[in-house]
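Presented below is the structure to which this report refers.
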Amino acid sequence: MRSPSRPSKMASPSSPLTSSSTSRATCRWSGSRRGLLLAVTGGFPIAYLESPSTLMKILSGRLPGGFHASAIWFGLIVVFFSLLLTRTHYGNWIFATGGNPQAARALGVEVNRVKLYNFILCALLAGFTGVVQFARFSSVDPLRGSGIELEAIAAAVTGGTLLTGGYGSVVGTLMGVLLVGMVKSGLVLAGAPAYWYRAFIGVILIIAVIINTRIREVGQ
């Protein structure tokens with residue numbers, strides 16, 4: 001098992017638990033959930049017409065300088081998970097699970113449990129993000145966030161995460177998020193059509209697949 005202070009491999013979507021059946025089940029559940037949400041809302045946003053509550057202000061209120069409180073929450077999450085991955089035993093388990101599951105099992109790491117906990121953490125963060133979005137816009141939009149999955153993957157890949165279980169870090173992913181966000185803002189300010197941004201995301205993913213394929217070939 002690697003030292004927590006060194007770059008290491010992370011649990012990836014290409015690991016056995018997530019490569020086939022789990023990925024398909026996740027996609028089906030996501031589609032079913034979105035379809036149910038559209039059926040309940042009729043495809044229209046549901047507005048919160050009352051004054052913002054204290055909790056809503058804490059989650060996404062306005063700060064001096066035009067920032068939202070959600071930026072602080074984002075920063076806290078980045079710091080927390082950076083420390084979790086680099087300074088704790090659980091971070092070492094994640095690295096070992098992503099790098100070599102068989103070796104991790106031999107060292108006593110409960111690989112399947114680590115993967116399960118990671119899925120739970122992702123779900124909790126997604127739910128928290130949804131609550132923050134509601135607090136910011138004072139509405140629930142069934143179409144908000146549609147297609148953002150590809151943006152998240154592109155940001156992680158841009159930050160150095162390899163799809164084949166390669167190296168990655170929270171700080172690198174943060175840099176990827178900022179880069180993707182700047183490109184999106186730049187295209188909007190330039191008056192470029194929306195599909196140019198989608199094309200940019202697609203190019204990033206294609207490059208990522210090529211790089212991962214090359215790395216896999218070299219590894220073999």
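Values as computed for the structure displayed
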| quantity | calculated |
| --- | --- |
| Per DSSP, loop GluC sites (Glu not before Pro) in segment 105-157 with at most 12 further Cβ within 10 Å | none |
| Segment 75-117 shape via C-alpha gyration tensor axes, a/c threshold 1.5 | prolate |
| Separation in nanometres of the label points that stand 7 Å from Cα toward Cβ, at residue 44 and residue 120 | 4.0 nm |
| Fewest-first sequence of 158, 54 by Cβ atoms within 10 Å of each Cβ | 54, 158 |
| Lys, Arg +1 and Asp, Glu -1 on Cβ, resulting dipole of segment 112-207 about Cα centre, debye, nearest 20 | 120 debye |
| Sparsely packed chymotrypsin sites (Phe, Trp or Tyr not before Pro) within segment 29-88, loop by DSSP, other Cβ within 10 Å at most 12 | 67 |
| For segment 90-196: rounded, prolate or oblate by the Cα gyration tensor [a/c cutoff 1.5] | oblate |
| Sorted largest first, extent of segment 141-220 alpha carbons per principal axis (Å) | 45, 25, 22 |
| Extension gain from residue 203 to residue 54, taking 0.36 nm per residue of separation minus the Cα-Cα distance | 49.4 nm |
| Radius of gyration and maximum dimension Dmax of segment 38-122, Cα, Å | 19.9, 56 |
| Using a Förster distance of 25 Å, the FRET efficiency for residue 192-residue 150 (Cβ separation, nearest 0.05) | 0.85 |
| Ranked 195, 117, criterion: other C-beta atoms within 10 Å, fewest first | 195, 117 |
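Quick note: the coordinates plus some simple rules give every number you see, no bench work behind them. These figures come from a predicted structure and were not determined experimentally. Every residue, glycine as well, gets a Cβ built from its backbone with ideal geometry; the counts of neighbours run over all protein chains shown.
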